[in-house]
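Novice: Shown below is the structure under consideration.
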Amino acid sequence: MKTAYLFGAYLKSRIKVIAAFVLFMLVFALVYTLYHLPLEPVVYSAELVTALAVIFAGLDWLQFYQKHQRLTAAINAATAGVGELPKPRDLLESDYQTLIRVLAENRAELISQFDNRQTDMIDYYTLWAHQIKTPISAMGLLLQTEEGDRERTRTYGQELFKIEQYVDMVLQYLRLESMSSDLILVEYDLADIVRQAVKKYGIIFINKKISLELAELNCRVLTDEKWLVFVLEQVVSNALKYTNQGKISIYLDQQAEKTLIIEDTGVGIRAEDIARIFDRGFTGYNGRMDKKSTGIGLYLGQQVLDKLSHTITVTSQVGQGTRVSIDLATRGFEAL
């Protein structure tokens, strides 16, 4: 199929030469006819010219095919530059190759400039995220020593906690690209990891009067503790955000190996939004109604789980709650 396509492309590129050859043959035939020459020399001349044309066409086809192969190799290696191009056949081909080289050099320079700007931006925001934590911690200490309306102080503390969470999310987002070099895969007690994630949101559970049902989690999982805690925090945060009353339950699925379930009695997710909740920036109907959703938390969570060889699925029903399943049965890794 590919050879037929190449041969068709070759014929198309040589259509003018073929048309000229046919035209010349017709002219010779017409001249021979007008002068009433014998048929035998006419046929002999036609056979000789056709044989020479076939030989030259074969050589030209071979050159065309080799040039195509070298150009294909250059295209495949284009990320590192144009590579070695075929020898130009004429001045126009030489001009085209010069143009290609100039464009490739400009592209490489633009990529280098972009990478440098990207690195500078990441360094700046990483530094900013670390520096902003200092005043956040100071404000937290001031609120703890604040005397007065305890309800108002608790509300301020809750909002300050949200700011800290968003800052942590920025840091994790910046680290996501280099996450692979930061992974430490060890077997951990799942109960300890879950408790770390839940404990962080104690103030939200208390303020919203949401109860927590935490079942026995007698399970050890091969994972990276820091990153898995981050993912669980995003799931618990979402559950708390969209649950106004009732409870959040965390337990192991009895029907699947090492599958953690985080289930809430919140507002639920519309069926048309389920397929897109892990898209970056997607907030869905609930996020638009809440007007505080960033659409980043679940996206980051899924990216992290993919790198950890874990999977996450969500089922939900509007008005009845949401069920998040995280498959932690990692396969293909060995603990350190």
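Novice: Just the residues that are part of a helix (DSSP H, G or I), hydroxyl-bearing (Ser, Thr, Tyr) and modelled with pLDDT under 85, please, taken from the stretch 264-322.
Specialist: So in the stretch 264-322, the residues part of a helix (DSSP H, G or I) come out as 271-274, 284-290, 297-307.
This time we only want the ones that are hydroxyl-bearing (Ser, Thr, Tyr), so: 285, 299.
Hit for the stretch 264-322 is 285, nothing else.
Novice: Kindly indicate whether any position in the stretch 205-213 is out of contact with any strand residue (DSSP E or B) (no Cβ under 9 Å at 6 or more places or on another chain), at positive phi and in a loop (DSSP other than H, G, I, E, B).
Specialist: yes
Novice: Report whether or not residue 258 is over 30 Å from the mean Cα position of the chain (by Cα) and either of a type outside the set (Lys, Arg) or on the phi > 0 side of the Ramachandran plot (or both).
Specialist: On the way: over 30 Å from the mean Cα position of the chain (by Cα): no; either of a type outside the set (Lys, Arg) or on the phi > 0 side of the Ramachandran plot (or both): yes.
It is false that residue 258 is over 30 Å from the mean Cα position of the chain (by Cα) and either of a type outside the set (Lys, Arg) or on the phi > 0 side of the Ramachandran plot (or both).
Novice: Looking only at residues that are in a helix (DSSP H, G or I) and of a type in the set (D, E, K, R) in the stretch 116-157, which one is most open to solvent (accessible area, probe 1.4 Å)?
Specialist: Checked the stretch 116-157; the qualifying residue most open to solvent (accessible area, probe 1.4 Å) is 150.
Novice: Considering only the stretch 208-264, how many residues are under 23 Å from residue 274 (Cβ atoms) and among the basic types (Lys, Arg)?
Specialist: 2
Novice: Being in a loop (DSSP other than H, G, I, E, B) and within 17 Å of residue 320 (Cβ to Cβ), is that true of even one residue in the stretch 232-239?
Specialist: The answer is no; no qualifying residue exists.
Novice: Give 129, 197, 138 a once-over and let me know the one that is in contact with a helix residue (DSSP H, G or I) (Cβ under 8 Å, 6 or more places away or on another chain) and either more than 30 Å from residue 252 (Cα to Cα) or among the acidic types (Asp, Glu) (or both). Can you show your working first?
Specialist: On the way: 197 fails: either more than 30 Å from residue 252 (Cα to Cα) or among the acidic types (Asp, Glu) (or both); 138 fails: in contact with a helix residue (DSSP H, G or I) (Cβ under 8 Å, 6 or more places away or on another chain).
Of 129, 197, 138, the one residue that is in contact with a helix residue (DSSP H, G or I) (Cβ under 8 Å, 6 or more places away or on another chain) and either more than 30 Å from residue 252 (Cα to Cα) or among the acidic types (Asp, Glu) (or both) is 129.
Novice: Here's a follow-up. What single numbered condition from (1) touching a Pro at 6+ places or on another chain (Cβ under 6 Å); (2) at pLDDT 80 or above fails to hold for residue 70?
Specialist: The single condition residue 70 does not satisfy is (2).
Novice: With the condition kept exactly as written, say whether any residue in the stretch 177-192 is touching a helix residue (DSSP H, G or I) at 6+ places or on another chain (Cβ under 7 Å), part of a helix (DSSP H, G or I), within 17 Å of residue 232 (Cβ to Cβ) and open to solvent by less than 80 Å² (accessible area, probe 1.4 Å).
Specialist: Yes - at least one qualifying residue is present in the stretch 177-192.
Novice: Can you tell me how many residues within the stretch 265-282 are open to solvent by less than 60 Å² (accessible area, probe 1.4 Å), within 26 Å of the chain's Cα centre (by Cα) and not aromatic (Phe, Trp, Tyr)?
Specialist: 5
Novice: Which one of these does residue 218 not meet: (1) open to solvent by 10 Å² or more (accessible area, probe 1.4 Å); (2) farther than 25 Å from residue 185 by Cβ; (3) among the polar types (S, T, N, Q)?
Specialist: (2)
Novice: Report, by residue number, each residue of the stretch 300-332 that is more than 19 Å from residue 190 (Cα to Cα), open to solvent by 30 Å² or more (accessible area, probe 1.4 Å) and in contact with a Gly (Cβ under 8 Å, 6 or more places away or on another chain).
Specialist: Passing the criteria: 316, 317, 318, 319, 320.
Novice: Look at the stretch 234-247 and say how many of its residues are open to solvent by less than 20 Å² (accessible area, probe 1.4 Å) and in contact (Cβ under 8 Å) with a residue 40 or more places away in the chain.
Specialist: Start the filter on the stretch 234-247 by keeping residues that are open to solvent by less than 20 Å² (accessible area, probe 1.4 Å), which leaves 234-236, 239-240, 243.
Next cut, in contact (Cβ under 8 Å) with a residue 40 or more places away in the chain only: 234-235, 239, 243.
Summing the residues that are open to solvent by less than 20 Å² (accessible area, probe 1.4 Å) and in contact (Cβ under 8 Å) with a residue 40 or more places away in the chain in the stretch 234-247 gives 4.
Novice: Further question on the same structure: Sort out which residues of the stretch 29-54 are open to solvent by 100 Å² or more (accessible area, probe 1.4 Å) and within 30 Å of residue 89 (Cα to Cα), and write them in order of number.
Specialist: Of everything in the stretch 29-54, just one residue is open to solvent by 100 Å² or more (accessible area, probe 1.4 Å) and within 30 Å of residue 89 (Cα to Cα), namely 47.
Novice: Right, next: What are the pairs with Cβ atoms under 9 angstrom where one residue, in the stretch 24-37, is farther than 15 Å from residue 53 by Cα and the other, located anywhere, is among the aliphatic types (A, V, I, L, M) and open to solvent by 100 Å² or more (accessible area, probe 1.4 Å)? Sequence gap at least six, or different chains.
Specialist: Here the result reads 32/39, each pair linking the stretch 24-37 to a residue that is among the aliphatic types (A, V, I, L, M) and open to solvent by 100 Å² or more (accessible area, probe 1.4 Å).
Novice: Could I ask something else about it? Those residues that are aliphatic (A, V, I, L, M) and crowded, with 17+ Cβ neighbours inside 10 Å, I need them from the stretch 249-264; list them, please.
Specialist: Hits for the stretch 249-264 are 250, 252, 260, 262.
The values are calculated or read from the model by the stated rules, or taken from the named source; none is laboratory data. Keep in mind that what you see is a predicted model, and the values were worked out from it rather than measured. Positions of Cβ are generated from backbone atoms using ideal geometry, with glycine treated the same way; all protein chains shown enter the neighbour counts. Quick note on the areas: whole protein, heavy atoms, side chains included, nothing else; ligands and nucleic acids left out. Shrake-Rupley method; radii C 1.70, N 1.55, O 1.52, S 1.80 Å.
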